[in-house]
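Visitor: Structure in structure tokens, see below.
The values are calculated or read from the model by the stated rules, or taken from the named source; none is laboratory data. Given the structure is predicted, the values throughout are model-derived calculations rather than measurements. No Cβ is skipped: glycine too gets one built from the backbone with ideal geometry, and neighbour counts run over all protein chains shown. The accessibility values were calculated without ligands, DNA or RNA, using every heavy atom of the protein model including side chains. Shrake-Rupley method; radii C 1.70, N 1.55, O 1.52, S 1.80 Å.
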Amino acid sequence: MALSKEKRIKKDAKILRKFVYVYCKKNHPDREKNSDGYCDECFEVLNYALKRDEKCPLDPKPKCKDCKIHCYKPEMRQKIKEIMKFSGIYFIKRGRLDWVFHYFF
């Protein structure tokens, strides 16, 4: 059963925020954070990813890693891959498979 676009965007945003938050917390502990807990660099990546997700023209939307279009700029694509890999491993090591399942399903 496919989610409506609004529900999919909301679900994706929840996952992205959590993954970027963990990445920022663990990799940028000394940087100044905004009120949401992100450094400027991570906040920029998060906002970029959220905008790309909202504007995706494909329906149903594939996982970005499986997409043929690649709407991310190369440097942002590399950064989000790094964030998702780090955070995915982080959650698996801590038994938080629920977050990893949200990402894949």
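Visitor: Here is a check on your reading of the model: is Tyr48 of a type in the set (Phe, Trp, Tyr) and in a helix (DSSP H, G or I)?
Guide: It is true that Tyr48 is of a type in the set (Phe, Trp, Tyr) and in a helix (DSSP H, G or I).
Visitor: From the set of residues in the stretch 60-76 that are under 12 Å from the mean Cα position of the chain (by Cα) and open to solvent by less than 80 Å² (accessible area, probe 1.4 Å), which is nearest to Asp12 (Cα to Cα)?
Guide: Cys64
Matching residues to (1) out of contact with any helix residue (DSSP H, G or I) (no Cβ under 6 Å at 6 or more places or on another chain); (2) loosely packed, with under 15 Cβ neighbours inside 10 Å; (3) modelled with pLDDT of 95 or more; (4) in a loop (DSSP other than H, G, I, E, B):
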| site | (1), (2), (3), (4) |
| --- | --- |
| Asp53 | no, no, no, no |
| Cys56 | yes, no, no, yes |
| Tyr90 | no, no, no, no |
| Gly95 | yes, yes, no, yes |
| Val100 | no, no, no, no |
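Visitor: Moving to a separate point now. Consider only pairs whose beta carbons are under 6 Å apart and that are at least six residues apart or on different chains; among these, list those whose first residue lies in the stretch 1-23 and is closer than 18 Å to Met84 by Cβ and modelled with pLDDT of 90 or more and whose second residue is open to solvent by 50 Å² or more (accessible area, probe 1.4 Å) and not in a helix (DSSP H, G or I).
Guide: Going by the 6 Å Cβ cut-off, there are no qualifying pairs.
Visitor: Output the number of the condition that Asp40 fails; it satisfies all remaining conditions of (1) more than 22 Å from Lys7 (Cα to Cα); (2) open to solvent by less than 80 Å² (accessible area, probe 1.4 Å).
Guide: All conditions pass for Asp40, except number (2).
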